[in-house]
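Notes follow the structure.
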Amino acid sequence: MTIFTKIIQREIPADIVYEDDLCLAFRDINAQAPTHVLIIPKEPISSLDALQSEHQELMGHLLLKVSEVAAELGLSNGYRITVNCGEEGGQSVDHLHIHLMGGRKLNWPPG
Ligand code: 5GP
């Protein structure tokens, strides 16, 4: 079980900004931008590489929630989403998550 499952189950606290039957969004504990939220499926899928065709609707749901959460958090000037995958991709928690960051000018390319 990852720390994100513990957050879903309310075993450890988090600053939750959105929740529905399929997903949870909460503020990253180590924010890299003034607004930095993680949007996660409640199903404990380990990474992008673990996705199956049955997850197509769920992933569409998560992406649709991105702009809703961004609007709710006032990111009217834009934002970025990132999904780190695997060791070289910088993934540190093995529960699929979308980083939603905004509130400052974000540089490109990322490090
Ligand atoms: P990754 O490096 O896997 O792409 O992203 C994992 C993210 O989870 C990191 O940005 C990290 O700060 C965040 N994180 C790790 N543990 C916790 C926690 O206990 N609570 C919250 N809110 N975020 C966490």
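All of the numbers you see were taken from the coordinates with simple rules; none came from a lab. Because the structure is predicted, anything quoted here is derived from the model rather than measured.
Less than 14 Å apart at the alpha-carbon level, and either on another chain or at least 8 residues along: which aspartates and glutamates does that give for residue 6?
Once the sequence-local aspartates and glutamates are set aside, what remains near residue 6 is 15, 43, 94.
Among the lysines, select those whose C-alpha is under 20 Å from the C-alpha of residue 65, and discard any that sit fewer than 8 residues away in the same chain.
Hits, sequence-local ones excluded: 42.
With runs of 4+ DSSP H residues as the only contributors, calculate the mean residue ellipticity of the chain at 222 nm using -39,500 (n - 2.57) per run, divided by the residue total and rounded to the nearest 500.
About -7000 deg cm²/dmol.
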